[in-house]
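A.B. asks: If you scroll down you'll find the structure; I have some questions about it.
The values are calculated or read from the model by the stated rules, or taken from the named source; none is laboratory data. The structure presented is a predicted model; accordingly, all values stated were derived computationally and were not measured. All Cβ positions, glycine included, derive from the backbone under ideal geometry; neighbour counts span all protein chains shown.
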Ligand SMILES: [Zn+2]
């Protein structure tokens with residue numbers, strides 16, 4: 001079955017911001033983002049939209065999905081032109097209560113993204129810690145955000161990016177009851193299309209290209225195990241079995 005490697009970005013920074021890590025660990029410099037897209041391209045890994053990736057049951061090995069959380073203005077100002085030029089899909093997860101505020105997406109921008117085939121998902125109404133909320137609050141955060149985006153863009157919202165990647169069985173149950181088909185965590189790894197809780201890798205200002213390559217080549221642990229096995233083999237001959 002097709003495996004999905006979902007990457008999670010937040011704000012992208014342009015050339016005015018020389019040192020991305022000084023701003024926030026979750027802000028990625030535009031040049032790093034482009035370098036990462038180039039590497040995905042070089043490794044010939046297809047980038048698909050989340051919904052297409054989830055529908056895809058063919059035998060291809062691995063697909064990458066790009067997601068952007070929190071609805072930063074850079075989604076529209078920096079990511080959108082790059083993605084559009086390269087004809088790459090992505091899903092954006094704005095937080096309803098911050099839409100239209102400083103350095104955040106406006107509804108017009110969200111509408112334009114949606115009309116240009118980019119997917120929009122919910123990242124709750126006000127980005128609360130759902131594991132620290134009472135059921136009524138969880139219900140409001142998940143239901144209201146879904147309803148508002150659906151009314152604005154005229155499309156069904158089925159994906160929920162969990163604030164801080166946090167969830168509980170109660171959050172999952174309430175979300176499923178409201179109609180979410182999948183929830184995106186920040187637990188690294190790959191996902192199968194029929195999973196409800198989807199794995200996701202946070203790409204940070206500190207994610208150097210070698211680490212990014214390791215993420216693309218499977219999960220880092222497997223990569224290291226394989227690597228140390230081959231190093232051992234070199235050291236002690238071919239006595240080791242695969
Ligand atoms: Zn967030």
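A.B. asks: How many residues are in a strand (DSSP E or B), at pLDDT 95 or above and buried (at least 18 other Cβ atoms within 10 Å of the Cβ) if we restrict to segment 175-201? I'd like the intermediate steps shown before the answer.
C.D. replies: Of segment 175-201, the ones in a strand (DSSP E or B) are 182-184, 191, 197-198, 201.
Subset that is at pLDDT 95 or above: 182-184, 197-198, 201.
Right, trim to buried (at least 18 other Cβ atoms within 10 Å of the Cβ) and you get 182-184, 198, 201.
The total comes to 5.
A.B. asks: List pairs: first in segment 148-162 and free of Cβ contacts under 8 Å to residues at least 60 places away in the same chain, second in a loop (DSSP other than H, G, I, E, B) and surrounded by fewer than 20 Cβ atoms within 10 Å (Cβ to Cβ), Cβ under 7 Å, 6+ apart or cross-chain?
C.D. replies: 150/156; 162/185
A.B. asks: Further question: Can we say residue 66 is under 23 Å from residue 215 (Cα atoms), outside any helix (DSSP H, G or I) and modelled with pLDDT of 95 or more?
C.D. replies: Values: under 23 Å from residue 215 (Cα atoms): yes; outside any helix (DSSP H, G or I): yes; modelled with pLDDT of 95 or more: yes.
For residue 66, the condition - under 23 Å from residue 215 (Cα atoms), outside any helix (DSSP H, G or I) and modelled with pLDDT of 95 or more - is met.
A.B. asks: Please enumerate the residues belonging to segment 12-28 that are modelled with pLDDT of 90 or more, surrounded by 20 or more Cβ atoms within 10 Å (Cβ to Cβ) and either closer than 16 Å to residue 91 by Cβ or more than 16 Å from the ligand (Cβ to nearest atom) (or both).
C.D. replies: The answer is 12, 13.
A.B. asks: Turning to a different aspect of this structure: Given the residues 118, 164, which is the only one that is closer than 24 Å to residue 65 by Cβ, within 16 Å of the ligand (Cβ to nearest atom) and touching a helix residue (DSSP H, G or I) at 6+ places or on another chain (Cβ under 9 Å)?
C.D. replies: Among 118, 164, only 164 is closer than 24 Å to residue 65 by Cβ, within 16 Å of the ligand (Cβ to nearest atom) and touching a helix residue (DSSP H, G or I) at 6+ places or on another chain (Cβ under 9 Å).
A.B. asks: Please verify whether residue 56 is more than 16 Å from the ligand (Cβ to nearest atom), at positive phi and either over 16 Å from the mean Cα position of the chain (by Cα) or at pLDDT 95 or above (or both), treating the condition exactly as stated. Write out each step before concluding.
C.D. replies: Numbers: more than 16 Å from the ligand (Cβ to nearest atom): yes; at positive phi: no; either over 16 Å from the mean Cα position of the chain (by Cα) or at pLDDT 95 or above (or both): yes.
Considered against the rule, which asks whether it is more than 16 Å from the ligand (Cβ to nearest atom), at positive phi and either over 16 Å from the mean Cα position of the chain (by Cα) or at pLDDT 95 or above (or both), residue 56 comes out as no.
A.B. asks: On to the next question. Could you check residue 171 against (1) closer than 25 Å to residue 42 by Cβ; (2) assigned to a helix (DSSP H, G or I); (3) within 16 Å of the ligand (Cβ to nearest atom) and say which number it fails?
C.D. replies: Result: residue 171 passes all but (1).
A.B. asks: Restricting attention to segment 88-115, and to residues there that are in a helix (DSSP H, G or I) and over 22 Å from residue 48 (Cα atoms), which single residue is nearest to the ligand (Cβ to nearest atom)?
C.D. replies: By that ranking, first place goes to 98.
A.B. asks: Looking at 16, 38, can you tell me which residue is closer than 21 Å to residue 214 by Cβ, without any contact (Cβ under 8 Å) to a residue 12 or more places away in the chain and either more than 17 Å from the chain's Cα centre (by Cα) or not in a helix (DSSP H, G or I) (or both)? Walk me through it before giving the result.
C.D. replies: Details: 16 fails: closer than 21 Å to residue 214 by Cβ.
From the options 16, 38, the qualifying one is 38.
A.B. asks: Just for segment 129-161: of the residues that are loosely packed, with under 15 Cβ neighbours inside 10 Å and under 21 Å from residue 71 (Cα atoms), which one is farthest from the ligand (Cβ to nearest atom)?
C.D. replies: 154
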